[in-house]
Amino acid sequence: MRYWLMKSEPDVYGIEDLERDRQTIWDGVRNYQARNFLRSMAVGDRAFFYHSNATPPGIVGLMQVSQPDIVDPTQFDPKSKYYDAKSPQDNPRWRTVQVEFVEQFPQIVTLEQLRQTFSSEELLVVRQGNRLSVMPVDEAVAQKILKLAKG
């Protein structure tokens, strides 16, 4: 099992939405490096749910990959803001995963807490200017985040 951090804006899709839905396809990722991280995920991998563009931004919960390597359907929907006219149907450019809710943390682990605890080499989300929406998290860092989240 590996750990990841996946960002979403809470007014677009937040941890409460995932708790209600129980599972979702993590669609709309349109960055090649983030897409490659999605491609390397496996069933049972855990991902920290990070609320971006929020006050304060931070990690709010945990989810698990329930199905890897899914074609992102939004790339073929002309009505979607994630539509990609250049993505061929027979060899889709964008792939994703299905995730399922594991838990919402009793308290948010804020970006500021993360910056005080980890270096940018340890945790990519604290790196200045990092805009990736999906990134790997080392096992030791993940265990520290879980401790922070649970007080």
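The values are calculated or read from the model by the stated rules, or taken from the named source; none is laboratory data. Just so we're clear, the structure is a prediction, and the values are computed from it rather than from any experiment. Glycine also receives a Cβ, built like all others from the backbone with ideal geometry; neighbour counts cover every protein chain displayed. Heavy atoms of the whole protein, side chains included, go into the accessibility calculation; ligands, DNA and RNA do not. Shrake-Rupley method; radii C 1.70, N 1.55, O 1.52, S 1.80 Å.
Observations on the structure shown:
- Of all residues in the stretch 1-25, those that are of a type in the set (Asp, Glu) have Cβ atoms under 6 Å from Cβ atoms of residues that are exposed (fewer than 13 other Cβ atoms within 10 Å of the Cβ), 6 or more apart or on another chain, in Glu9/Asn53.
- Ile70 among the aliphatic types (A, V, I, L, M), at pLDDT 95 or above and open to solvent by 50 Å² or more (accessible area, probe 1.4 Å): no
- Any hit, the stretch 74-89, residues being in contact with a strand residue (DSSP E or B) (Cβ under 8 Å, 6 or more places away or on another chain) and open to solvent by 60 Å² or more (accessible area, probe 1.4 Å): no
- Members of the stretch 105-151 found to be open to solvent by 30 Å² or more (accessible area, probe 1.4 Å), in a loop (DSSP other than H, G, I, E, B), over 15 Å from Ala47 (Cβ atoms) and in contact with a helix residue (DSSP H, G or I) (Cβ under 7 Å, 6 or more places away or on another chain), listed by number: Ser120, Glu122, Asn130
- Matching option when the condition is at pLDDT below 95 and assigned to a loop (DSSP other than H, G, I, E, B), among Met1, Met41: Met1
- Meets criteria (among the basic types (Lys, Arg), outside any loop (DSSP other than H, G, I, E, B) and either touching a helix residue (DSSP H, G or I) at 6+ places or on another chain (Cβ under 7 Å) or surrounded by 14 or more Cβ atoms within 10 Å (Cβ to Cβ) (or both)) for Arg93: no
- A single entry from Gln98, Gln64 fulfils the requirement of being open to solvent by less than 80 Å² (accessible area, probe 1.4 Å), polar (S, T, N, Q) and in contact (Cβ under 8 Å) with a residue 60 or more places away in the chain: Gln98.
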